[in-house]
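Here's the structure we're looking at; comments come further down.
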Amino acid sequence: MVAGNDPYLGGSEGAPPPPPPGGYRGNSRVSRLMHPAAPPLPAPAAPAIPVPRPPSSRAAKTVGAIVIAHALWLLFRLLLPGAGSYYFTVGAITVQVLMLIAAVVILVGPRGRRLGTIALVVTLVVNVATVGSVSALESAQSGNYDDYKTAEQRKWNAYPGIRGVDPAEILEKPSLEEDIARTDDLNAKLRAALSTEFGITWTMHGKNTLRNNRNGYGGESMLVDFSGPVWTSDRPMQSVADKRRLRDVVTRVMMQNGVSRTVVTSDPSFQPDPGNLERFYGSANPDQQHTWAMVSVDRQINFYVDVRIFDLSKDPTGAFRTEREGQSARDGTPLEGIQISARGYELLGSDKRDEFIAKLKTFGQ
């Protein structure tokens with residue numbers, strides 16, 4: 001039996017006694033072996049001193065200035081005549097290639113990288129291809145392609161006649177003024193005959209208008225087309241019998257005044273394609289058409305008289321009414337009834353005759 005005052009029990013049921021003051025001998029040595037002292041912190045590194053960039057070489061500066069000046073010249077060239085044709089010439093493309101090569105060469109050297117990069121970017125952004133494309137787009141929008149034509153093509157732009165039309169035929173025909181007087185006279189006789197036949201009164205819309213002809217070489221000729229005013233009846237015409245009577249009156253008046261050819265363009269005998277008749281006149285059957293159209297042509301004098309009858313009672317869908325309402329809003333003509341107009345084409349004004357002949361001589365005619 002163990003005595004109660006045993007010093008190794010320490011009063012705690014077999015637990016070892018606490019260490020003596022100051023610890024056991026050799027304890028500090030073991031502690032140092034198990035927990036060595038931390039190594040000293042390294043000294044802070046000195047801040048890196050930036051290496052100065054080598055200055056750009058004189059060659060890099062020269063090439064950079066030339067490349068930028070060339071880019072500015074390309075942009076300025078847009079404002080000068082012949083810009084479009086310039087950008088795609090062999091000389092302009094050769095200079096552009098030299099600019100690109102020079103930019104790449106100075107980019108390789110350590111003293112030209114900065115200016116070489118700038119020069120390369122400028123060359124790739126502003127060059128004959130990009131600026132030339134801008135010029136081409138401007139020409140497409142304006143319709144002016146003179147910059148892309150040769151000197152010979154530009155010369156023929158000013159041809160006073162029409163390509164393929166013999167100038168002698170133009171000079172032999174009545175003048176613009178004579179043609180207008182001729183069509184006005186025919187128009188008046190036709191209106192008078194129809195008034196006698198049907199008791200119609202007429203209203204004039206618009207006036208004579210002129211439009212220059214193209215000459216077939218990219219320019220305008222000295223010849224013009226004219227469109228006379230539109231004359232409209234005071235009432236509709238819906239009876240098929242009346243429409244046929246009107247056709248006969250028009251044919252008779254024109255023949256009496258030297259115009260031998262009058263055709264009904266809305267008739268199947270003139271236009272055999274049923275699809276076209278339905279598209280333009282509402283039906284392939286003349287009795288069901290919303291538009292009757294006839295034209296009297298004098299090719300020798302270059303004019304024609306156009307007579308139309310608009311009949312909304314033959315418009316089951318209402319689409320033709322919508323079309324007529326739009327036209328009426330533009331020119332003030334009534335939705336239905338008879339319309340007469342006259343047009344002349346490829347005519348030379350009497351005051352232009354001498355100038356026309358003089359210009360023809362410059363073209364060897």
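The values are calculated or read from the model by the stated rules, or taken from the named source; none is laboratory data. All values reported here derive from a predicted model rather than from experimental measurement. No Cβ is skipped: glycine too gets one built from the backbone with ideal geometry, and neighbour counts run over all protein chains shown. Just so you know, the surface numbers come from the protein's heavy atoms only, side chains and all, with ligands and any DNA or RNA stripped out. Shrake-Rupley method; radii C 1.70, N 1.55, O 1.52, S 1.80 Å.
Some notes on this structure:
- Any chance ASP225 is touching a residue at least 12 places away in the same chain (Cβ under 8 Å), of a type outside the set (Lys, Arg), out of contact with any helix residue (DSSP H, G or I) (no Cβ under 6 Å at 6 or more places or on another chain) and more than 18 Å from PHE320 (Cα to Cα): yes
- Residue match in the stretch 316-328 (condition: at negative phi and more than 34 Å from the chain's Cα centre (by Cα)): yes
- Condition check for VAL108: out of contact with any Gly (no Cβ under 6 Å at 6 or more places or on another chain), within 29 Å of LYS61 (Cα to Cα) and either modelled with pLDDT under 90 or surrounded by fewer than 16 Cβ atoms within 10 Å (Cβ to Cβ) (or both): yes
- Pair list, Cβ under 8 Å, 6 or more apart: the stretch 184-212 residue under 15 Å from SER341 (Cα atoms), other residue among the hydroxyl-bearing types (Ser, Thr, Tyr) and open to solvent by 70 Å² or more (accessible area, probe 1.4 Å): none
- Top-ranked residue in the stretch 152-166 [being more than 26 Å from the chain's Cα centre (by Cα) and either in a helix (DSSP H, G or I) or among the small types (Gly, Ala, Ser) (or both); ranked as modelled with the lowest pLDDT]: GLU152
- Hey, ALA140 out of contact with any helix residue (DSSP H, G or I) (no Cβ under 9 Å at 6 or more places or on another chain) and at pLDDT below 75 or not: yes
- Tallying residues that are farther than 28 Å from HIS290 by Cβ and of a type in the set (A, V, I, L, M, F, W, C) within the stretch 318-354 yields 2.
- Residue that is modelled with pLDDT of 95 or more and not polar (S, T, N, Q), where the choices are ASP298, ASP311: ASP311
- Taking the criterion of being touching an Asp or Glu at 6+ places or on another chain (Cβ under 8 Å) and either open to solvent by 60 Å² or more (accessible area, probe 1.4 Å) or of a type in the set (Ser, Thr, Tyr) (or both), the residues of the stretch 314-345 that qualify are ARG321, SER341, ARG343, TYR345.
- Checklist (1) open to solvent by less than 50 Å² (accessible area, probe 1.4 Å); (2) within 23 Å of THR196 (Cβ to Cβ); (3) not in a helix (DSSP H, G or I) applied to ARG308, failing item: (1)
- Across the stretch 270-315, the number of residues qualifying as more than 30 Å from GLU346 (Cα to Cα), in contact (Cβ under 8 Å) with a residue 24 or more places away in the chain and over 37 Å from the mean Cα position of the chain (by Cα) comes to 8.
- For the stretch 282-297, a tally of residues being farther than 21 Å from GLU323 by Cβ and open to solvent by less than 20 Å² (accessible area, probe 1.4 Å) returns 1.
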